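The structure under discussion appears below in the form of structure tokens.
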Amino acid sequence: MSDAGKKRLTCDMLPLAMPRPCPICGAKVLLISVTEWGADDGEILGTEFECETEPDIDSDEWPGWHRGHYSMPYVDWLPWDTAAVAWLNRRYRYAGS
Ligand SMILES: [Zn+2]
């Protein structure tokens with residue numbers, strides 16, 4: 001695959017808003033970090049996404065939020081995640097910091 005036309009994505013550009021809304025609540029989803037990428041070609045392999053409605057993990061709202069958002073992660077999130085990573089890889093190559 002050619003790198004022509006792909007932009008460099010670096011960690012200081014994160015969080016990055018994704019074009020597809022959250023599959024659960026329709027809010028914006030942010031790319032928080034790239035956890036794994038190709039050393040040679042910058043292909044994005046592992047990512048962390050976060051719905052912008054996610055409350056603080058220590059708060060009382062978090063368990064309920066998590067139950068609502070991640071009761072069926074393979075149904076709700078896996079297709080979303082696959083499409084989001086494909087979208088990223090069409091546009092960007094990850095360059096780390
Ligand atoms: Zn959401």
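Of the residues LEU78, LEU31, only one is in contact (Cβ under 8 Å) with a residue 12 or more places away in the chain and either under 14 Å from MET18 (Cα atoms) or aliphatic (A, V, I, L, M) (or both); which? Spell out how you get there, then give the answer.
Numbers: LEU78 fails: in contact (Cβ under 8 Å) with a residue 12 or more places away in the chain.
LEU31 is the lone residue from the list that is in contact (Cβ under 8 Å) with a residue 12 or more places away in the chain and either under 14 Å from MET18 (Cα atoms) or aliphatic (A, V, I, L, M) (or both).
Looking at ALA39, ALA27 in this structure, which one is at pLDDT below 95, small (Gly, Ala, Ser) and not in a helix (DSSP H, G or I)?
Working: ALA27 fails: at pLDDT below 95.
Just a single option satisfies the conditions, and that option is ALA39.
The values are calculated or read from the model by the stated rules, or taken from the named source; none is laboratory data. Since the model is a prediction, treat every value here as computed from it, not as a measurement. So basically every Cβ, Gly included, is an ideal-geometry build from the backbone, and we count neighbours across all protein chains shown.
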